[in-house]
1. Within the range 463-499, take every residue that is of a type in the set (Ser, Thr, Tyr) and more than 28 Å from the chain's Cα centre (by Cα) and give me the one that is surrounded by the fewest Cβ atoms within 10 Å (Cβ to Cβ).
2. Is it the case that some residue within the range 409-427 is touching a residue at least 40 places away in the same chain (Cβ under 8 Å), surrounded by fewer than 17 Cβ atoms within 10 Å (Cβ to Cβ) and basic (Lys, Arg)?
3. Across the range 519-571, which residue is modelled with the lowest pLDDT among those that are among the small types (Gly, Ala, Ser) and part of a strand (DSSP E or B)?
4. Do we find a residue being modelled with pLDDT under 95 and farther than 24 Å from residue 257 by Cα anywhere in the range 732-739?
5. Restricting to the range 572-602, and then to whatever is aromatic (Phe, Trp, Tyr) and over 23 Å from the mean Cα position of the chain (by Cα), can you tell me which residue is least open to solvent (accessible area, probe 1.4 Å)?
6. Here are 178, 150: which of them is open to solvent by 10 Å² or more (accessible area, probe 1.4 Å), more than 14 Å from residue 617 (Cβ to Cβ) and polar (S, T, N, Q)?
7. Conditions first: (1) closer than 25 Å to residue 311 by Cα; (2) outside any strand (DSSP E or B). Residue 261 passes all but one, so which condition is the exception?
8. Quick test of your reading of the structure: residue 537 fulfils all but one of (1) loosely packed, with under 15 Cβ neighbours inside 10 Å; (2) in contact (Cβ under 8 Å) with a residue 12 or more places away in the chain; (3) among the acidic types (Asp, Glu). Name the failing condition by number.
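The values are calculated or read from the model by the stated rules, or taken from the named source; none is laboratory data. Remember, it's a predicted structure, so these values are computed and weren't measured experimentally. When we count neighbours, we look across all protein chains shown, and the Cβ atoms used for this are built from the backbone with ideal geometry, even at glycine. Surface accessibility is based on the protein's heavy atoms, side chains included, excluding ligands, DNA and RNA. Shrake-Rupley method; radii C 1.70, N 1.55, O 1.52, S 1.80 Å.
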Amino acid sequence: MKIAASLLILLLTGSVSALAQNNTQTIKGTVIDKESQMTIPGAVVSILNSDPPVRTITDAQGNYKLANVIPGRYDIQAKFMGYKEVVIPNVTVTSGKEVVIDIALEETVNEIKEVTVSGTKKNETINELSTVSARSFSTEEVNRFAGGRSDPARMAANFAGVSAPDDSRNDIVIRGNSPAGVLWRIEGLNIPNPNHFSTIGTTGGPVSGINTNLLKNSDFFTSAFPAEYGNANAGVFDLGFRSGNTDKREHTLQFGMLTGIEAMTEGPIKKGNGSSYLLAYRYSFTGIAQAMGLNIGTTATPFYQDLSFKVNSGTTKLGKFTLFGLAGISTIEFMHDKVDTTDLFAIPNRDSYFTSKIGLIGLSHFARVNDRSYFKTIIGATAWTSSYDEDSINSVTSEITRVVENSTEQLRYSANISYNTKVSSRLFLKFGILEELFHLNLYYRNRNFTPDWVQIWDFNDYTSLVQGYAHMKYNFSEKLTMNAGLRSQYLTLNGSSSVEPRLGFKFQVNQKNVLSLGYGMHSQMQPTDIYFYRSLDSTGNYVQTNKDLDFTRSQHFVLGYDLYPVKDWRVKTEVYYQYISNVPVTLDSSSYSMLNTGAGFLPNEEGNLLNTGTGENYGFELTIEKFFSKGYYALLTGTIYESNYKGSDGVRHNTAFNGKYVYNILVGKEFKIGAEKRNTFSIDVKFTQAGGRYFTPVDLAASQALQRQVLMGDAYAYSQRNPDFMRLDLKMGFTFNSKTKKLSQSVFFDIQNVTNNKNVFAQRYNPNTNSINTAYQIGFFPNFVYRLQF
């Protein structure tokens, strides 16, 4: 009956294909039930903003195909009797690549009638269990915004509640939390840090190791996230790789001044069975920018390369299998005779050598139990290694002495199993267990200020984090939805455990107003290097005084309101409060707190820590957004917030990430050009201003006496503030769609920091000048990207 109704709608309202023209393109995909993941035959899929209209219906496998589509931007609608209508906005079609869009529909509580809801897919996350403080984003957004460097983390800095006033790294500060509190997940596997040039205990780096050309629509959470996510106190990036084209082979070549040269290929393994492959490789060319006299933040030449892939088996008798992976390496050398005062990373009178490697490989299996239930199993391993060696150069004799040797390796073996069942249109349940086995090999010794080596780490062993969760989504009505969950985790290293309730409500007052409320208890283990720090005891022996540290815990409270005043506009506000407890601080009275981890590049060198510190973050967020339509978009986000902590001194201090405020203004316009309006010219502008972060000032007299940097005492901890961060970025782009070939070319000019504003990076003691020097962030920087798809 439902399929017959869809056919009738199709016959009455439009043709299956009405945009036929020379060298057109195809939009295709699959329509599924959002919760059961069952395909939906007979759903009507339409291009809304076409003249004449274009419609088709999904086949017996839920697949659809819209052929002969002229290059341009379109809104894609999917609907089926008994399901909420969904509109996917701003689908970009070029002549060089087919567009694959899988659409998930949510069943209505009342199955008798077809329900139409206003709004678009833009308002929803991929994860159906989220209630507050969550947003999905697309690859198009990552690449569209000015100043983003094709980096998901830098793109997320445009969202409310997120601050990243640091040109040198893509660390993101979510609601005043340390970047170390962010969880990165790729295809269901947790990865400690997916960035090049990353260091232990951090989640950011100067260059992303994730190739955005592989990403599909993904989710970003900033608070009170669903129970399936754990071991994080700040936020979650849940990223997915898209599958390759199952019908034809397609290729992409790209060159960027920052991202280097890229090559990607995809296509079917065997036509007709839904199998595919996708493979991409990148090689850096940052030396070209340096040769042109552009400041990239250092006089050293960074080098990196990475490889990403995804292989999809298609549906088999045993279910669906997916193999995916990522591997990257990055190296850089800082030489003392090439250092100047503008270098953000190097140290005068020191030569240093740094190498980091990242890796991920996983196998995913989807197995259906029945029409309403399925298992999803993901097994895999992630690897992160780094080495850092430092030599001291005697300013008189030029003698070279090795003073730092640091080698870290973390292998993580994971198994993630979940059972999902759609009990009814009202009730959805999800249960899961995640086991992560850590193999840690840590070696670190230092003789910077002593004649003999001081051994800080020397550990090679295993530990495990076991996590389990249960989540329930219940629709009381079409207007009121509840998400409730419970999560637990256990660290075998020292027996730390937690039980974490999660609860959220969403109430749609009417078509234009939505209220939401969320609460979450979250726990996170300490950075692995913290547990294995070795302190010298009274007998002269080294002991691991941090090994028994408990999880840091936080409670999130969020109240949200969404307003949709007119079509394509949204106003969103959230107020939040986060209380953090069990924070590691020193045994003796001091201002030290683990909440400031990630503010610098150096590893932790504090022992005898106790879980007695606290912290709090609270603030107000505003988002005013004009979704891309009629050729333009606009986005205004702003946050006013406070972030503070108490160390063992009992004094309330600013955290290193308390910027007080941040706001972003982004606008963009796209023009159709050419006789047939097949090509486009786009211009995007972004303006960001953020409050300067607090820091502990340098004690100049003590530094001059010791000829090394010494900070002032605990009374001055995070008492001074950098000037506000301000940056204006401008991006222009041309896309040319061939009239005769399946080929498109795009050229982008992304001018970052157009006004060459001198944003402060740090103030530090320089033994060469015997004074405090100010290092500034990257100034005016023009980036260039060329992309060819065929």
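1. My answer is 477.
2. Yes; the residues of the range 409-427 include at least one that is touching a residue at least 40 places away in the same chain (Cβ under 8 Å), surrounded by fewer than 17 Cβ atoms within 10 Å (Cβ to Cβ) and basic (Lys, Arg).
3. 535
4. Checking the range 732-739: at least one residue is modelled with pLDDT under 95 and farther than 24 Å from residue 257 by Cα.
5. Ranking the qualifying residues of the range 572-602, first place goes to 592.
6. Exactly one residue qualifies, and that residue is 150.
7. (2)
8. Failed condition: (2).
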